[in-house]
1. Starting from 0.36 nm per residue, how many nanometres of slack lie between residue B:601 and residue B:98 once their C-alpha separation is accounted for?
2. Around residue B:175, which amide H atoms from residues at least 5 apart in sequence, or from another chain, sit under 5 Å from its own amide H, with H modelled in the peptide plane?
3. Any idea what angle helix B:334-348 forms with the longest principal axis of chain B, computed on alpha-carbon atoms, 0 to 90 degrees, nearest 10?
4. Could you give the length gained on full extension between residue B:226 and residue B:295, defined as 0.36 nm per residue of separation minus the Cα-Cα distance, in nm?
5. Taking θ = phi - 60°, what integer Hz values does the Karplus form 6.51 cos²θ - 1.76 cosθ + 1.60 yield along region B:232-245, in sequence order, with x for Gly and Pro?
6. Provide a whole-number value for the mean count of partner chain Cβ atoms within 10 Å of the Cβ atoms in peptide B:345-355.
7. For each of B:75, B:152, count neighbouring Cβ atoms within 10 Å of the residue's Cβ, then give the residues from fewest to most.
8. Hey, what number do you get for chain B at 222 nm if only DSSP H runs of n ≥ 4 count, each worth -39500 (n - 2.57), divided across all residues, to the nearest 500?
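Please treat every number below as a calculation from the coordinates, not as lab data. As the structure is a computational prediction, the values presented were derived from the model and not from experiment. Cβ coordinates were reconstructed from backbone atoms using ideal geometry, including for glycine residues, and neighbour counts include every protein chain displayed.
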Amino acid sequence: MAAGKKRRKAALRSSPLTLADLQVGQRCILDRLDLPEDMARRLMELGFLPGNEITPGKRAPGGGPRVFRVDGSEVALRQETAARLYVRREPESDVVVLT
Amino acid sequence: MSSCHGNTPRAGLLPNPSILPPRPASDRPIIVAIVGPPNSGKSTLFNRLTGLRQKVANFPGVTVEHRMGKAKLKDHHEVFLVDLPGVYSLHPRAEDEQVTHDVLKGEQPDFPKPDAVILILDSTNLGRNLVLAAPILSLGLPTLVLLNMADDLAARGGKVDIAALSNELNCPVALISAAKGTGIDRIQQFLLGTAVRLNSPPPRIELPVLHDVPKCRQWAAKLGIRASYRPPAPPLWTRRLDAIFLHPVAGPLIFAAIVVAVFQSIFSWAKPVMDGMQGFVLTSGIWMKHVMPDSPWRSLLVDGVWSGVGAVVVFLPQILLLFLFIGILEDSGYLARAALIADRTMSKFGLQGKSFIPLLSAYACAVPAIMATRVIENKRDRIATMMIAPLMTCSARLPVYTLLIAAFIPNIPLLGGILSLPAATMLSLYVLGFLAAIMTARILKSSILKSRGSSFVLEMPPYRWPTWQSLTLRLIDRARVFLRRAGTVILLVAIVLWVLAHLPLENGKTPPLEHSAAGMIGKTIEPAIKPLGFNWKIGIGLITSLAAREVIVGTLGTIYGIEGDEESQAKGLQTALHRDLSASGAVALLIFFAFAMQCFSTLAVVKRETGGWKWPIFQFSYMLVLAYSGSWLAFHIANHFLA
């Protein structure tokens, strides 16, 4: 857990932000998908389009995949996939607590 | 809400005649394809229109084979409906998407190109769903667009202007609720229009470049704005339930509790019904013996057919109960959460959460499970899942397990009465099958089926109440499949077995079972199975159960029916078994059935799906080795403890 936090902070400072770095409820805008074409296409069809808003949701118990709220539906992705989706945070999009 | 625009129902419905193959009106029936994204309610609609069963699951990609059904129209025309696998686009990646793509393009071998399309979309998420309209409309077929889950949309405060959308798409659009049956009239009108094949110019609208996903999405967004679409509020209940079911502590505990509850109730609820049915089979057999004159026919009917088939039919209530539970879990949307919870564990064994979907349905039957592996894009992951699916405890093992457990495992309460020893034994057999499956997966995925890291992308459907209609249709279909098997495979095996048990005649009389052809076959393999604690009579059962697992129960029923006097028959199979099987032999037999590949249908479907005999032969052999060594070990360990 501590390692994850550290990595997250480091990520915020230096390297570009990815979907894997965000906390529950931290809304963001998708910038680009760094994935093989097939996989990127599949994700785009599910709503992971550059410019779309994504809200990270619950994670599966035990650190499994995480549910992301995107384009009106909820899609689960593994952490390693989420780490390939580069995002930016808008200044006004502050933490929104999800129930 | 029915009429979407001012035109007559038939306007704008009909195909460009040049697209359709030229043929007289009566040449072949009209085929209408139902297309939509996963979870849009295609199967529910299909059920409603045809009355035929179709697996409905609140789960992306569970329908992998297309299904046909006939819809009767009000003017007595008939239209064939085909339910295609759910797709997000017509850009095929997984094999289920390929099926949809091929059928719609008329490229599916032995399948005619559909005459019209019903596109069904989830109205609660129109922004994303409408994207599919672009490739479907570009097919140039007459299309009806249905916006499903109208009730949900309204309840959560969303709305859409149907007339405007219909104008934009230049095809009829209707708001419906397939689950509740509202708006279905509109479909009848469309099908009627298709059936009489009225002519009208092909729809002319501007479509985006299809392989450009962002462009398609923009097109859909613009459509949504023009149709003044207001998306509904997020499903609050789904959030609340996910907070519980995906809770780090409560989530896995609830999952375990559900599994235990299912097993316990399969045992305790089904038992009275099963006891009643067993009593009926026995007493009616005895009654038939009394009213019919003594002849070989009476023996064939009563000892061969009635005891053989009856012994298997008794298990129907239990199997239906299991399917009911799986159906509720699937239709409610809980299974997607279970896959999510399982993904991390599955990845440790080289698989992914999506393999969990077929593996769970393998608890019911390996055949649909192997077909459901088509949702797995990675070929090696898919074959690995196919190889291990038959190790999951399918419902055909239930009759065998139930018989042996009831005969040999004493009913001792455990954990202060929450669980009984028989239920615990059953549960451990299920766990054993699961463990064997994931261990095999691990071995396969780190050797012959090694692949680079697979991915996991799964849409989480909102929770929904399972409908009685869907559950009932599912159960009726399962009952039909089970009884058809009892009436064909099991009946045939019972008759062949009866003949083999009565030949060759000794001095014109039927021989004792030992000297009959069946007995001699059993005696031949006895040396091989003796180390497992089985004698030649069990051996006969092992051979017949190569056709299907539950056949052994019918075979034993037939054997004891032929051998036994009325008194021992009345006591039933459980008592008779004690003469031929020790307690440790029974444990070994349970283990044998847990691991062995005794199902011809599964082998056939694996052959079909992998395109050759290589994998089914491999599967049969390793499972036999596993079964033999496993039951040898179990027999010796049990002997050690029970002695």
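1. 178.7 nm
2. B:147
3. Helix B:334-348 sits at roughly 70 degrees to that axis.
4. Contour length minus the Cα-Cα distance gives 16.8 nm.
5. x, 5, x, x, 5, 5, 5, 4, 4, 5, 4, 4, 8, 6
6. 1
7. With the sparsest Cβ surroundings first, the list reads B:75, B:152.
8. -17000 deg cm²/dmol
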